[in-house]
1. Just the residues that are within 19 Å of B:Leu115 (Cβ to Cβ), over 43 Å from the mean Cα position of the chain (by Cα) and more than 12 Å from DNA strand D (Cβ to nearest atom), please, taken from the range A:1-41.
2. Restricting attention to the range A:300-331, which residues are in contact with a helix residue (DSSP H, G or I) (Cβ under 7 Å, 6 or more places away or on another chain) and among the aliphatic types (A, V, I, L, M)?
3. Against the definition (outside any loop (DSSP other than H, G, I, E, B) and within 14 Å of chain A (Cβ to nearest Cβ)), how does B:Ile268 come out, yes or no?
4. Please list, ordered by first then second residue, the pairs with beta carbon atoms under 6 Å, 6 or more apart or interchain, first in the range A:52-74 and more than 9 Å from every other protein chain (Cβ to nearest Cβ), second more than 12 Å from DNA strand C (Cβ to nearest atom) and hydroxyl-bearing (Ser, Thr, Tyr).
5. May I ask you to verify whether A:Leu212 is modelled with pLDDT of 95 or more, in the same structural domain as A:Lys267 (by TED's automatic domain parsing) and in a strand (DSSP E or B)?
6. Could you list all residues from the range B:226-258 that are more than 13 Å from chain A (Cβ to nearest Cβ) and closer than 16 Å to B:Leu288 by Cβ?
7. Considering (1) in contact (Cβ under 8 Å) with a residue 40 or more places away in the chain; (2) within 20 Å of the chain's Cα centre (by Cα), say which one A:Lys319 fails and leave the rest.
8. Could you check the range A:285-308 and list, in sequence order, the residues that are of a type outside the set (A, V, I, L, M, F, W, C) and within 9 Å of another protein chain (Cβ to nearest Cβ)?
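The values are calculated or read from the model by the stated rules, or taken from the named source; none is laboratory data. As the structure is a prediction and not an experimental result, all values here were calculated from the model. With ideal geometry, Cβ positions are generated from the backbone for all residues, glycine too; neighbour counts draw on all protein chains shown.
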There are 2 protein chains.
Amino acid sequence: MKEKVTIYDISRKIKMSAATVSRALNDHPKISQKTKEIVRKAAREMNYKQNRLAQALKSGQSKNVGVIVPYINRSFFSSVIRGIEEELKPNGYHVIICQTHENYENEVEQIDTLLNTQIDGIFMSISKTTKDTEHIRKALDENVPLVFFDRKKEVPGVSSVVIDDYKAGFLATEHLIEQGCKRIAHLSGDLNLDIYCERYNGYVAAHKKHGLKINPKFVVKINSKIESGISAVKKLWKMDEKPDAVFSASDYTALGAIQQLKKMGVKIPEEVCVMGFSNEIFTKYMELPISSVDQTPVTMGKIAAQVFLEKISGSENLKIEKKVVLTPKLQLRDSSLRS
Amino acid sequence: MKEKVTIYDISRKIKMSAATVSRALNDHPKISQKTKEIVRKAAREMNYKQNRLAQALKSGQSKNVGVIVPYINRSFFSSVIRGIEEELKPNGYHVIICQTHENYENEVEQIDTLLNTQIDGIFMSISKTTKDTEHIRKALDENVPLVFFDRKKEVPGVSSVVIDDYKAGFLATEHLIEQGCKRIAHLSGDLNLDIYCERYNGYVAAHKKHGLKINPKFVVKINSKIESGISAVKKLWKMDEKPDAVFSASDYTALGAIQQLKKMGVKIPEEVCVMGFSNEIFTKYMELPISSVDQTPVTMGKIAAQVFLEKISGSENLKIEKKVVLTPKLQLRDSSLRS
DNA sequence: TTGTATGCGTTATCAT
DNA sequence: ATGATAACGCATACAA
């Protein structure tokens, strides 16, 4: 094992002070060109590596940010993280990942441990079970910038990057109406999360605009699993009045719904149009490709990163709260296109 | 902004030395129970948080590990990372993620920056374009334990966790043979990566065992994209002798192959059986579910983490090189089941 | 332009 | 059992 080389090792070798070495390495303007070259050469030869830990301790900046998500291996979240990483890397930041498993206690714990790891910022998408925002305030108290993406709570001083879920719900529903559907069922996610409320609100608004009434029984709560979509359809199709469209807040339930509808011999999209949400990879590849709403996750991550960078570059006491709302993109495919 | 509370703040408040505070907080055996309680109470009241940066600098352990993958938002990789995170978190480690974009230069750079971030270990899956292992040796030189997962290179002293790709290729091919297929095409990935070599070798071995000959033209190089599968099939079906099975080293090309075969009116699995690789989420959900090989990525991540933990718990100079080989699981579905 | 000295927050060594 | 002090590696205020 090679011993770690420090600026003191370099300073001894070239007979200059460690301060000079430090400055030369950081390209300090008041160090002569000649000295800089000597130092750099020595550093290279000795295979010097700056210890970012020491630098971090000194400067108070760890150049690490934390990202908290329910699960990292969900297409949407991992794509957002990808965006964050790509945007932040050129600025010297590293991304630390934390999973909550959709559990509030884990979320609180993750914030706590991140906080004493001295991260410079936190990106997070809250878990389904998160009700209060105590833990968020802790981060704010310590002056750690926090950016919500996708799933957020309203907390003063916290920026967020989301898609316009209301609009997404509206557009998706309107699209179904335009296809001639009049009895549109909605498979809705947990209303504890804003995103699902908004999608639902958009669904309602589209009906209103087009003078259609919603049968309250057509709104079914689901949990993003295929099985949930299957049972939702079973339940819906037991009713006297049957839907002629399904707008699901999740692609997985949309898939389950489609499977069940096919099983029951219902023709898609002729008899029933189906739309999902999230533009999961599989939606495109199905034999009956599923219409969905693209949330542009990589972009979302990149913009969240930009919001963070903007925030830390601003003055210390300046509390900017930036709310970025991205426009969702409808991906219309065979499951909803009667054309 | 609340000021950061240090052990000195606590020591001032309770009129004890910082050393005592530190010891009490770390549950040092020689500190009296009474003192410990006083200290802990004060710490709680003052909302003290240990600064892990300082601790890291002092101890030389950052309690951070780096994970280097081509892209974080690929189902396989994000699942491995999930496994690593879940296994390491109880031990107080955080996971820093790095993407190479399948680019060798990025890979080298990522290792470099991780190294001076003072991580305690590196997990990596090499990129397709990685030919040499200079950068790996750098990590070893600095005595940073490195664990390969899935895509590895042979480097003395480096542990690895992979699946038995040879066996996977063998079993998949044998399964196709058992279905009565005799002219099995293989869509093979970049042979620069061991995993693809092994899958190919297994494919060859299965033929040998069953006394079948391979038409060399049946082995087509692909790049894991759907389009690649489509063009491979087009090319294969231009030949006089046509395959009666396709074993693809990637699920995406298997999907492309299936799409193209259907387009050409070829019946699956009656005329042609198809197998993919990776057990991507979509394979299960297709109308014609695609047979594939499950690499148990979350498990792979967990075991890689265990190998790391084992390594650092061992004596300093002990260079253990552990090679874990997981058993792949065939997921047989309609695309290859004639029964 | 360069050097000296100090501190970032901990922990460990040596006293007491 | 507890306190004083040094050290981890770096960056900077102050001196020269």
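1. Matches in the range A:1-41: none.
2. A:Met300, A:Ala304, A:Ala305, A:Leu309, A:Ile320, A:Val324, A:Leu326, A:Leu330
3. For B:Ile268, the condition - outside any loop (DSSP other than H, G, I, E, B) and within 14 Å of chain A (Cβ to nearest Cβ) - is not met.
4. What qualifies is A:Val65/A:Tyr93; A:Val69/A:Ser125; A:Pro70/A:Thr100; A:Pro70/A:Ser127.
5. Criteria not met by A:Leu212.
6. Listed by number, the residues that qualify are B:Val233, B:Ala245, B:Val246, B:Ser248.
7. (2)
8. Residues satisfying the conditions are A:Tyr285, A:Glu287, A:Pro297.
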